[in-house]
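Heads up: the structure comes next, in structure tokens.
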Amino acid sequence: MKADPSVAVPVAGGRDGGFRGRRPGRWSEFLWSLVFPTTNQRVMPTVSGWVLIGLALGIGSAAYNAANNILFITLSLLLACLILSGVMSWFNLRGVSWHLLVPRPLRAGQEASITLELRNGKSLIPVYGLWFDLLARPVATGPRRPEATIRASSGQIRAAFARLDKLTERVTLFQRERLDPGGEDRLDWSYTPARRGVVKVELAGVGSLFPFGFLRKSHGTELRQEALVWPAPVEYRLLRSAAAPHQAEGGRSARVGAGNDLLALRRYQAGDSHRLIHWKASARLRRLMVRQFAAESNTAYFMRIDTAPGLWLREEQFELMCGFAATLAEDLFTESRLVGAAVDSGAAIAIRRVVDLESFMDRLALLEWRTAEQGKETGRTDGAGAGGADLPGTFGAVHGRRNIITFAPDAPRGVAAYVDGQRTATA
């Protein structure tokens, strides 16, 4: 079972190492695993299981005191039922394997389907009633300073765990139908990331109450995967007062349009204008050929992102800027008007293909908001300004172009986009 690498990345997991078989062990290992299971396995009685155990203890005491054979038979039946429940639960989980498919990339605020693929590797016994605990939590990126928790109070520690638990999303997927021997099944989770960054999707555990519900058997896994979350798309408004952009970046584009430069010849199709027919080529090839002209390209822009702590004092504005930049980059790329982008003093990215745009979106997903204290530690506390005149490093020397889009805070909570220092759009 393979997945499209452009859509999802499969990760193998499970007791049997994904969809691959496992060589049967010795009977001694089997019996020893029943007595002393591995650390990631746990068997706990349910409420009905505790009732059954209490009832067995009561009947056992009465049987020894009364020396009644009927009570001894009843006790043996209760204990056999409890043992049979544990053995059948063990057989139900054995031989099951799973794959976790996480779509890439994820988008903040947009629903994505995370798929868990199951396979029953047993040849005779079907699988019933499994459940799977999935969780997704954000992962901190970038270097972190070591912090000591010895002096922290219990309230501070509980608050830290509460914040982490608040950002963690959990779901339990249930197997609704039986899984026949050698069969496969898919369980889907509709997950919506709350914010951009890196998220870790983890299969926390697999459990079963099969067959009688007396014992709750759970099996921990180490199946986890990290995925990038792109910034959420935002709505923005173009300003009418913005002057016409510079035309220095215009030129001929290698696509069909209504320009003056000849791009190619093609066969005549119904509906084509007779004025476009190339009569000489048609006579030479003995079929009607029409001319295709190149389109005149629109103004091209270069996008520059500045993440200086002195520029972005509010984390909300910084997150809005990331979403604004991602949305504007997609719109300009769709119109073939985005030629490149750069983040801080990093190397500029030439955006010509979808892969280049995705690389830029990945960089936006990993941007970190820094406070003024963190900016002092890194030696960068001020921005280059909204106009983008002071370009870091060799940015300006390499490109030597105008029509550079920069971003800066606008009002208390907004973000404005500037083209060569002129306020052009707001979000």
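Coordinate-derived values only; no laboratory data. Here the structure is a predicted model, which is why all the values come from computation and not from measurement. Counting neighbours? That spans all protein chains shown, and the Cβs are built from the backbone with ideal geometry, glycine included.
Descriptive notes on the structure:
- Full-stretch length increase - Thr334, Glu184 - with 0.36 nm per residue and alpha-carbon distance subtracted: 50.0 nm
- FRET efficiency for Gln422 and Thr115, using Cβ-Cβ distance with R0 set to 45 Å, rounded to 0.05: 0.45
- Model label zone, Ser123; criterion: amide N under 19 Å from point 7 Å along Cα-to-beta-carbon; scope segment 81-95: 91-95
- Which of Lys217, Lys122, Lys166 has the fewest Cβ neighbours within 10 Å, and the rest in rising order: Lys166, Lys122, Lys217
- Shown for Leu106, Leu71: other C-beta atoms within 10 Å of each C-beta, ranked fewest to most, produce the order Leu71, Leu106.
- Förster-model FRET efficiency, 25 Å R0, Cys81 and Gln41, C-beta, rounded to 0.05: 0.70
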